[in-house]
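Below: the structure, in structure tokens.
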Amino acid sequence: MKALLTLVLFLLSVTVQGKVYERCELARSLKRHGMDGYRGISLANWVCLARWESSYNTQAQNYNPGSQSTDYGIFQINSRYWCNDGKTPRAVNGCRIPCSALLQDDISQAITCAKTVVRDPQGIRAWVAWKNRCQNQDLSQYVQGCGV
């Protein structure tokens with residue numbers, strides 16, 4: 001019985017953690033979804049962004065007390081402007097999706113929403129981590145050895 005309980009607790013912890021991509025695995029997935037060159041943004045920029053926003057974790061969530069909003073998923077997409085979490089005041093929901101959709105292991109909806117975000121006038125500069133860690137940097141290391 002104790003072994004069964006341990007197994008159940010282990011399986012629950014695995015499902016809560018979600019998927020954490022390997023760098024090249026994410027690069028290949030983003031390329032398959034048309035992110036390389038989307039709006040002039042290289043694949044390396046997207047991989048760098050995901051590295052510094054979420055550490056490639058689909059379940060990443062970060063609360064922003066100042067705006068009473070939360071950033072969700074592998075791209076840390078904000079609930080104030082882009083998704084509906086049912087708790088952010090004055091939310092816009094520009095991607096017209098629940099924020100929970102951004103936490104799926106299948107990142108298709110997160111990618112679609114990220115494409116919506118970069119069509120906004122701020123473009124990829126909407127992500128602070130990209131500005132602080134990726135902008136004007138040599139990003140070749142983010143796709144090196146990935147075959148993309």
Report task. Kindly indicate whether W82 is closer than 21 Å to Q59 by Cβ, in a loop (DSSP other than H, G, I, E, B) and touching a residue at least 12 places away in the same chain (Cβ under 8 Å). Result -> yes
**Report entry** Residues of the range 19-41 classified as part of a loop (DSSP other than H, G, I, E, B) and of a type in the set (F, W, Y), total
**Finding:** 1
Report task. Search the range 121-139 for residues being open to solvent by 60 Å² or more (accessible area, probe 1.4 Å) and more than 16 Å from the chain's Cα centre (by Cα), and hand back the single one that is farthest from C48 (Cα to Cα). Result -> P121
Requested in this report: Count, please, the residues in the range 58-80 that happen to be open to solvent by 40 Å² or more (accessible area, probe 1.4 Å) and in contact with a helix residue (DSSP H, G or I) (Cβ under 8 Å, 6 or more places away or on another chain).
Outcome: 2
Report summary line: Among the residues of the range 84-113, the number that are closer than 18 Å to H33 by Cβ and over 12 Å from the mean Cα position of the chain (by Cα) is 2
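The values are calculated or read from the model by the stated rules, or taken from the named source; none is laboratory data. Note that the coordinates shown come from a computational prediction; the quantities given were computed from them, not determined experimentally. Virtual Cβ from ideal backbone geometry, glycine too; neighbours counted across all protein chains shown. To get the accessible areas, we keep the full protein, side chains included, count just its heavy atoms, and leave off ligands, DNA and RNA. Shrake-Rupley method; radii C 1.70, N 1.55, O 1.52, S 1.80 Å.
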